[in-house]
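Working notes, beginning with the structure itself.
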Amino acid sequence: MVEFKLTIKSVIRALEDCPYPDLPLEIRTDSQYTIKCMTGYLPGWISKGFKGVKNADMIKHLLVLLRRRSVHNKVVFKYVAGHSGEIGNEAADVSLLKFSAPNSS
């Protein structure tokens, strides 16, 4: 679950730091769970008031960021295989390892 939290934090950071909020954004991740959360589970969680959802505060924050974008600058989540040489994904893995280390700040 720690990896999921870090992945969600990365998506949040990408949306917050995106220099082009008026353009569509593709977020590539090797986390199928993250993609399913945002594209499949979210409507049910919303209708149930996020009851019983782990990390609901982070997911709600992400939802606010997603809703700030119009239909024309929507966010698309795309799966990429982990450890397949995708440059951005490899860099993200390095960052995840760095920030999940016990002595990281």
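The values are calculated or read from the model by the stated rules, or taken from the named source; none is laboratory data. Worth saying up front: this structure is predicted, and the values here are computed from it rather than measured. Methodologically, a virtual Cβ is constructed for each residue, glycine included, from the backbone with ideal geometry; neighbour enumeration extends over all protein chains shown.
Residue-by-condition table, conditions (1) modelled with pLDDT under 90; (2) more than 16 Å from K5 (Cβ to Cβ); (3) of a type outside the set (D, E, K, R):
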residue	(1), (2), (3)
D22	yes, yes, no
G44	no, yes, yes
I59	no, no, yes
K74	yes, yes, no
G82	yes, yes, yes
G85	yes, yes, yes
S95	yes, no, yes
F99	yes, no, yes
S104	yes, no, yes
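Within region 27-49, residues that are farther than 24 Å from D17 by Cβ reach partners that are small (G, A, S) and surrounded by 11 or more Cβ atoms within 10 Å (Cβ to Cβ) with beta carbons closer than 9 Å, at six or more positions or on different chains, in the pairs W45/A56. Among the residues making up region 17-48, a single one is of a type in the set (A, V, I, L, M), surrounded by fewer than 16 Cβ atoms within 10 Å (Cβ to Cβ) and outside any helix (DSSP H, G or I): L23.
Just one of the listed residues (V53, V76, V64, V11) is part of a loop (DSSP other than H, G, I, E, B) and β-branched (V, I, T), namely V53. A search for C-beta distances below 6 Å between a residue of region 72-91 that is of a type in the set (D, E, K, R) and any residue that is modelled with pLDDT of 60 or more, counting only pairs 6+ apart in sequence or on different chains, returns K74/P24; K78/E26; K78/R28; E86/V80.
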